[in-house]
Amino acid sequence: GMMVELNIYESIFKNALTGSIVIADAQNLIAKLELNGTERISFKLSTPGAMGNRTLINASEETGHPFHVYKLTDRKQIAPGTLLYTLHFASREFMRNLRTKVSQAYNGRLDIAVRKILQEEDYLDSRKKLKYEKTGNSNKIVIPNLRPFDAINMIANRSLPEKSNTVGYYFYQTVKGF
């Protein structure tokens, strides 16, 4: 009942899902339940009248893919005793990207290096689906202490497609996976 607006942002030019929730708080919950950076947001969202799981955005605790709050902005009083503020949230991989660095050499197909960075426990530790096209080139690549998303983008820029009729690589996240 306190939520005014829910936004989810996905783009082929962004590496992770982000979003925001605008809240009208008449109970002063923000003062009682102070944010410390470990909060998660769970929800299920679907288009009215749409059928099947393809239209469902499932960010519930049961799936293991809830979003994480990382910022609070636009705090203002709109009436006596009522605050309006925006909670910004992002995927788990976005948060791990901020805390992790990759400093390693990879040898072989570049798509396998990306898969390792995405799925290894020491890096992004993603449990989401990965859909990719195999690369045609195999190189030795050294990642010099970069954040995982920066390392993956660097590899994407150096990758050549296996099939000659494709253009190149983008790394992005949708509600269905990477």
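The values are calculated or read from the model by the stated rules, or taken from the named source; none is laboratory data. These numbers come from a predicted model, not from an experiment. Every residue, glycine among them, receives a Cβ derived from its backbone with ideal geometry; neighbour counts consider all protein chains shown. The area values use the complete protein model at the heavy-atom level, side chains included, leaving out ligands, DNA and RNA. Shrake-Rupley method; radii C 1.70, N 1.55, O 1.52, S 1.80 Å.
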| For the range 108-128, how many residues are among the small types (Gly, Ala, Ser) and out of contact with any helix residue (DSSP H, G or I) (no Cβ under 9 Å at 6 or more places or on another chain)? | 1
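Look at residue 159 and say whether it is in contact with a Leu (Cβ under 7 Å, 6 or more places away or on another chain), farther than 30 Å from residue 45 by Cβ and either surrounded by 14 or more Cβ atoms within 10 Å (Cβ to Cβ) or modelled with pLDDT under 90 (or both).
Working: in contact with a Leu (Cβ under 7 Å, 6 or more places away or on another chain): yes; farther than 30 Å from residue 45 by Cβ: yes; either surrounded by 14 or more Cβ atoms within 10 Å (Cβ to Cβ) or modelled with pLDDT under 90 (or both): yes.
Yes; evaluated as a whole, the condition is true for this residue.
Being in a loop (DSSP other than H, G, I, E, B), over 15 Å from residue 113 (Cβ atoms) and open to solvent by 20 Å² or more (accessible area, probe 1.4 Å) is the filter here; which residues of the range 163-178 pass it? Write out each step before concluding.
Going residue by residue through the range 163-178, those that are in a loop (DSSP other than H, G, I, E, B) are 163-173, 175-176, 178.
Within this subset, residues satisfying the condition of being over 15 Å from residue 113 (Cβ atoms) are 163-168, 170, 172-173, 175-176.
If the condition is that a residue be in a loop (DSSP other than H, G, I, E, B), over 15 Å from residue 113 (Cβ atoms) and open to solvent by 20 Å² or more (accessible area, probe 1.4 Å), then 163, 164, 165, 166, 167, 168, 170, 172, 175, 176 are the ones that fit.
Determine whether residue 75 is open to solvent by 90 Å² or more (accessible area, probe 1.4 Å) and under 30 Å from residue 30 (Cβ atoms).
yes
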| The lone exception for residue 98 - which of (1) touching a helix residue (DSSP H, G or I) at 6+ places or on another chain (Cβ under 9 Å); (2) within 26 Å of residue 154 (Cβ to Cβ); (3) outside any loop (DSSP other than H, G, I, E, B) it fails | (1)
| task | Check the range 115-125 and report whether any residue there is at pLDDT 85 or above, in contact with a Gly (Cβ under 9 Å, 6 or more places away or on another chain) and of a type in the set (Lys, Arg). | result | no
| field | Pairs, first under 17 Å from residue 46 (Cβ atoms) and among the aliphatic types (A, V, I, L, M) in the range 1-23, second open to solvent by 60 Å² or more (accessible area, probe 1.4 Å) and in a strand (DSSP E or B), C-beta under 9 Å, six or more apart | value | 6/45; 8/45; 17/9
